[in-house]
Amino acid sequence: MDAPERPLVALVGGAKVSSKLGALENMLEKVDRLVIGGAMANTFLKSQGHEVGTSLVEDDLLGAATQMLAKAEQKGVKVYLPVDLIVAENFAQDAQSKQVTIDNIPPGWMALDIGPETIKLFAEALADAKTIVWNGPMGAFEMDAFANGTMELARIVGSSQALSITGGGDSNAAVKKSGEADNITYMSTGGGAFLQLMEGKTLPGVVALEAA
């Protein structure tokens, strides 16, 4: 992260902004592009005024999301957010689902995956990347009905010539499910530790090793 080959693109997903706020803020000091998907994107979309139905949102972080987007613009970091989503009436494999743009999420429906136009947009963000850091899935990939976005992104990252690093149990499970594990440069099993590193914090184990 100190002297990466550029463009450096961070791909961040998963459920909550709160668990990744420090990492996201630190990334703005390092990355050229920031791609945000998964349920955490809902908080950013709502902060921009979009109605997100019953999607998972952290309302107490709407202000922080707005500030982060403004900070990214000041620093010249392009942030990519979903432009379409796969939404469902409830969180179940057999739930009725459909593709909608971010302006047309029906009341009572929830976003559970990124849509095809978002996949294309995110692919463009990753196309010429020399370094890719990925933490967090793009949707509820555990259910096949909502796995497409995460699987497609895994294939895009796997086929990239970039140095690619994934971190965390969900990210790694998704990459393995996609069949792209052998095409990722390095897979870190430590989700929390990975995020701490992205926050710029020093890991206790590394400190101990350096002192030995």
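Restrict the search to the stretch 80-156; then list the GluC sites (Glu not before Pro) that DSSP places in a loop and that have at most 14 other Cβ atoms within 10 Å of their Cβ.
Sites meeting the loop and neighbour criteria: 142.
Could you size up the charge dipole of the stretch 168-212 around its Cα centre, putting +1 on the beta carbon of Lys and Arg and -1 on that of Asp and Glu, and report it in debye to the nearest 20?
80 debye
I need the P(r) histogram for the chain: all alpha carbon pairs, bin width 5 Å from 0 out to the longest distance, whole percents.
1, 8, 16, 20, 21, 16, 10, 5, 2, 1, 0, 0
Defining a contact as two alpha carbons under 8 Å apart and six or more residues distant in sequence, what relative contact order in percent does the stretch 41-124 show?
Once normalised by length, the contact order is 34 percent.
Would you grab the residues whose amide H sits under 5 Å from the one on residue 109? Only those 5+ places off in sequence or on another chain, please, with H modelled 1.01 Å from N.
Counting only residues 5 or more places away or on other chains, the set is 54.
Would you list which lysines come within 16 Å of residue 46, measuring only between C-alpha atoms, while excluding same-chain residues fewer than 8 positions from it?
Those lysines meeting the cut-off are 16.
In square nanometres, what is the average projected area of the Cα convex hull of the stretch 116-212?
Its average projected convex-hull area is 6.9 nm².
Run the 1.4 Å probe and let me know the accessible area of residue 155, rounded to the nearest 10 Å².
100 Å²
Using a 1.4 Å probe on the protein chains only, how many percent of the accessible area of the chain belongs to carbon and sulfur?
The C+S portion of the solvent-accessible surface of the chain is 50 percent.
Compute, for the chain, the length of the dipole vector about the Cα centre, with Cβ point charges of +1 (Lys, Arg) and -1 (Asp, Glu) only. Units Debye, rounded to 20.
For this selection, approximately 380 debye.
Per-residue ellipticity at 222 nm for the chain, helices alone: DSSP H runs ≥ 4 residues times -39500 (n - 2.57), over residue total, nearest 500 deg cm²/dmol?
Counting only the DSSP helices, I get -10500 deg cm²/dmol.
On average, how much accessible surface per residue is there in the chain, in Å², for a 1.4 Å probe, leaving out ligands, DNA and RNA?
Value for the chain: 46 Å² per residue.
Given H placed 1.01 Å from N in the peptide plane, which residues other than close sequence neighbours of residue 78 have an amide H under 5 Å from its amide H?
It is 34, by chain and number.
As a test, work out the antiparallel percent of DSSP beta bridges whose residues both lie in the stretch 72-212, rounded to the nearest 5.
About 55 percent, rounded to the nearest 5.
Residue by residue through the stretch 128-143, what is 3J(HN,Hα) from phi via Karplus (6.51 cos²θ - 1.76 cosθ + 1.60, θ = phi - 60°)? Round to whole Hz and write x for glycine and proline.
With the stated coefficients, the stretch 128-143 comes to 10, 5, 9, 9, 10, 10, 10, 9, x, x, 8, x, 7, 5, 4, 9 Hz.
Based on the Cβ-Cβ distance from residue 120 to residue 144, what FRET efficiency comes out when R0 is 25 Å, to the nearest 0.05?
With R0 = 25 Å, the Cβ-Cβ based efficiency is 0.75.
Net charge within 15 Å of residue 111 by Cβ-Cβ distance, Lys/Arg positive one each and Asp/Glu negative one each, not counting residue 111 itself?
With Lys, Arg at +1 and Asp, Glu at -1, the net is -4.
Given 9, 54, 112, which one lies farthest toward the positive end of the charge dipole of the chain, if we put +1 on the Cβ of every Lys and Arg and -1 on the Cβ of every Asp and Glu?
Working it through, the farthest residue towards the positive pole turns out to be 9.
Quick one: how many Å² of residue 97 are accessible to a 1.4 Å probe, rounded to 10?
So the heavy atoms of residue 97 present about 50 Å² to solvent.
Which whole-angstrom value gives the distance between the alpha carbon centres of the stretch 26-79 and the stretch 153-212?
22 Å
The values are calculated or read from the model by the stated rules, or taken from the named source; none is laboratory data. Keep in mind that this is a model prediction, so the values were computed, not measured. So basically every Cβ, Gly included, is an ideal-geometry build from the backbone, and we count neighbours across all protein chains shown. For accessibility, only protein heavy atoms count, side chains too; no ligands or nucleic acids. Shrake-Rupley method; radii C 1.70, N 1.55, O 1.52, S 1.80 Å.
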